[in-house]
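Enquirer: Got a structure for you, written out below as C-alpha cells; questions coming shortly.
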C-alpha cells in the first residue's frame, strides 16, 4: 500500500513538472528586481559573486557536470573559466530546449545569457 502511495506521489509530481514554464521562471527570477545589478541587495549578483569565488578559489578540474540545471546556466558561468568541459543536465525537455536554443544561437530563447 505504501509503495502505491509513493508511486502516485511521484506520478503527481512528474505531471506537475511537465507544466513548468521556463520563460515565466526566467522572467521572474533573472530580471529586475531579483537580478538588478545596480542594487546591492539583489539576489542574483550575490549568487554570481559566491559562485565566482568558489570556482576561482576552491574548485577546478577537467569536467564540470551540473545536475538539474533548469533553464539556467548562471551557476556554471564562472566554472567555464576553470573547467575544460561543462555539461548541463535537466529532467525536463523544455529546460534542455531553452538552453539549447541559446547555446546554438537558434533564437527564441527567453533570456540572453551573454
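The values are calculated or read from the model by the stated rules, or taken from the named source; none is laboratory data. This one's a predicted model, so the numbers in the text were calculated from it and none came from an experiment. Cβ: placed from backbone, ideal geometry, glycine included. Neighbour counts: every protein chain shown.
Enquirer: Inspect all residues belonging to region 30-40 and state whether any of them is part of a strand (DSSP E or B) and in contact (Cβ under 8 Å) with a residue 12 or more places away in the chain. I'd like the intermediate steps shown before the answer.
Expert: Applying the first criterion (part of a strand (DSSP E or B)) to region 30-40 yields none.
No, because not a single residue in region 30-40 is part of a strand (DSSP E or B) and in contact (Cβ under 8 Å) with a residue 12 or more places away in the chain.
Enquirer: A further question follows. So is residue 71 out of contact with any strand residue (DSSP E or B) (no Cβ under 9 Å at 6 or more places or on another chain), surrounded by 11 or more Cβ atoms within 10 Å (Cβ to Cβ) and in contact (Cβ under 8 Å) with a residue 24 or more places away in the chain or not? Talk me through it step by step, then tell me what you get.
Expert: Working: out of contact with any strand residue (DSSP E or B) (no Cβ under 9 Å at 6 or more places or on another chain): yes; surrounded by 11 or more Cβ atoms within 10 Å (Cβ to Cβ): yes; in contact (Cβ under 8 Å) with a residue 24 or more places away in the chain: yes.
It is true that residue 71 is out of contact with any strand residue (DSSP E or B) (no Cβ under 9 Å at 6 or more places or on another chain), surrounded by 11 or more Cβ atoms within 10 Å (Cβ to Cβ) and in contact (Cβ under 8 Å) with a residue 24 or more places away in the chain.
Enquirer: Filter region 74-93 down to the residues that are part of a loop (DSSP other than H, G, I, E, B) and either more than 24 Å from residue 17 (Cβ to Cβ) or touching a strand residue (DSSP E or B) at 6+ places or on another chain (Cβ under 7 Å) (or both) and list them by number. Show your work before the answer.
Expert: First, pick out the residues of region 74-93 that are part of a loop (DSSP other than H, G, I, E, B): 77, 82, 89-92.
Those that are part of a loop (DSSP other than H, G, I, E, B) and either more than 24 Å from residue 17 (Cβ to Cβ) or touching a strand residue (DSSP E or B) at 6+ places or on another chain (Cβ under 7 Å) (or both): 77, 82, 89.
Enquirer: Then there is this: Here are 49, 23, 15: which of them is part of a helix (DSSP H, G or I) and exposed (fewer than 11 other Cβ atoms within 10 Å of the Cβ)? Please lay out each step first, then the result.
Expert: Numbers: 49 fails: exposed (fewer than 11 other Cβ atoms within 10 Å of the Cβ); 23 fails: exposed (fewer than 11 other Cβ atoms within 10 Å of the Cβ).
Being part of a helix (DSSP H, G or I) and exposed (fewer than 11 other Cβ atoms within 10 Å of the Cβ) holds for just one of 49, 23, 15, which is 15.
Enquirer: A follow-up question, please. If you go through region 94-102 one residue at a time, do you hit one that is modelled with pLDDT under 95, assigned to a loop (DSSP other than H, G, I, E, B) and either over 12 Å from the mean Cα position of the chain (by Cα) or closer than 17 Å to residue 20 by Cβ (or both)?
Expert: no
Enquirer: A further question on this structure: In region 26-42, how many are surrounded by 11 or more Cβ atoms within 10 Å (Cβ to Cβ) and either in contact with a helix residue (DSSP H, G or I) (Cβ under 7 Å, 6 or more places away or on another chain) or over 25 Å from residue 95 (Cα atoms) (or both)?
Expert: Residues meeting the conditions: 4.
Enquirer: Looking only at region 52-63, which residues are surrounded by 12 or more Cβ atoms within 10 Å (Cβ to Cβ) and at pLDDT 95 or above?
Expert: If the condition is that a residue be surrounded by 12 or more Cβ atoms within 10 Å (Cβ to Cβ) and at pLDDT 95 or above, then no residue fits.
Enquirer: Further, regarding this structure: Do we have any residue at all in region 65-73 that's modelled with pLDDT of 90 or more and part of a strand (DSSP E or B)? Let's see the steps before the verdict.
Expert: Taking region 65-73 first, the residues modelled with pLDDT of 90 or more are 65-73.
Filter once more, so that each one left must be part of a strand (DSSP E or B): 65-66.
Yes, because at least one residue in region 65-73 is modelled with pLDDT of 90 or more and part of a strand (DSSP E or B).
Enquirer: Scan region 103-114 residue by residue and report those that are more than 12 Å from the chain's Cα centre (by Cα) and in a loop (DSSP other than H, G, I, E, B).
Expert: Kept after step one, since they are more than 12 Å from the chain's Cα centre (by Cα), are these residues of region 103-114: 103-110, 112, 114.
Within region 103-114, 104, 105, 106, 107, 108, 109, 110, 112, 114 meet the criteria.
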